[in-house]
Amino acid sequence: MPHHAAKSKIPADAQQPAQLEVPTPHVNHSSSPFRPVSASVCACCGRRIDGGFDVPFVGAVGPRCRLKFGPLAQVLAFLSGVTPDALVGADERRATGRLIVHLRQLGFAVVNDGQAIRVTGLTRRPREVAVSYGRRRAELVQDLQVASGFMGEDARAARLAGVAA
């Protein structure tokens, strides 16, 4: 029995379809807590990147890794300029203390000089800090939520309302 080739329903003189372009996902850089910087290697994962985002003290990270560091930016902003006398209650001091301990365990140098709490640098290499952060991120996020409950804008407003009453 002769083998017959399957006939194509597309005419031979028809144009081939154009190559489909896969759109790249739009990244909204304005919502990032980190400023864009030029970089070729991600400080977090070591992958080649075409531009990155400056994570304080860690270095430039790629667009995927920057999402991991959002909570770190919140902790740094939260602690930035906190004065010890602002920590009125024992729960506030404990929650802030846990954040400081987490940062120190990650490899950040945190100073409390009695005037303000400041992150001044790293005690380990940036790559080591990034790897350690990846392992401890969930704990840091949980403690940030607790501290925000005591120190966030809603908590401060509630305390002021309680004092005024």
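The values are calculated or read from the model by the stated rules, or taken from the named source; none is laboratory data. Nothing here was measured: the structure is a model prediction, and the numbers come from that model. Note that we place each Cβ from the backbone using ideal geometry, even for glycine, and neighbour counts take in every protein chain shown.
What number goes with the only condition from (1) surrounded by 14 or more Cβ atoms within 10 Å (Cβ to Cβ); (2) within 24 Å of Q142 (Cα to Cα); (3) under 12 Å from the mean Cα position of the chain (by Cα) that G62 does not pass?
The number of the failed condition is (2).
Failed condition for A86, given (1) closer than 27 Å to Q115 by Cβ; (2) modelled with pLDDT of 85 or more; (3) small (G, A, S), with all others met?
Status for A86: all satisfied but (2).
Any idea how many residues of segment 108-127 are among the acidic types (D, E) and within 16 Å of the chain's Cα centre (by Cα)?
Adding up the residues that qualify gives 0.
For segment 103-117, name all the residues that are closer than 14 Å to L72 by Cα and either surrounded by 16 or more Cβ atoms within 10 Å (Cβ to Cβ) or in contact (Cβ under 8 Å) with a residue 60 or more places away in the chain (or both).
The answer is L103, L106, G107, F108, V110.
Do we have any residue at all in segment 143-151 that's modelled with pLDDT of 80 or more and out of contact with any helix residue (DSSP H, G or I) (no Cβ under 9 Å at 6 or more places or on another chain)?
Yes, there is a match, as at least one residue in segment 143-151 is modelled with pLDDT of 80 or more and out of contact with any helix residue (DSSP H, G or I) (no Cβ under 9 Å at 6 or more places or on another chain).
What about Q105, is it over 18 Å from the mean Cα position of the chain (by Cα) and of a type outside the set (A, V, I, L, M)?
No: the conditions fail for Q105.
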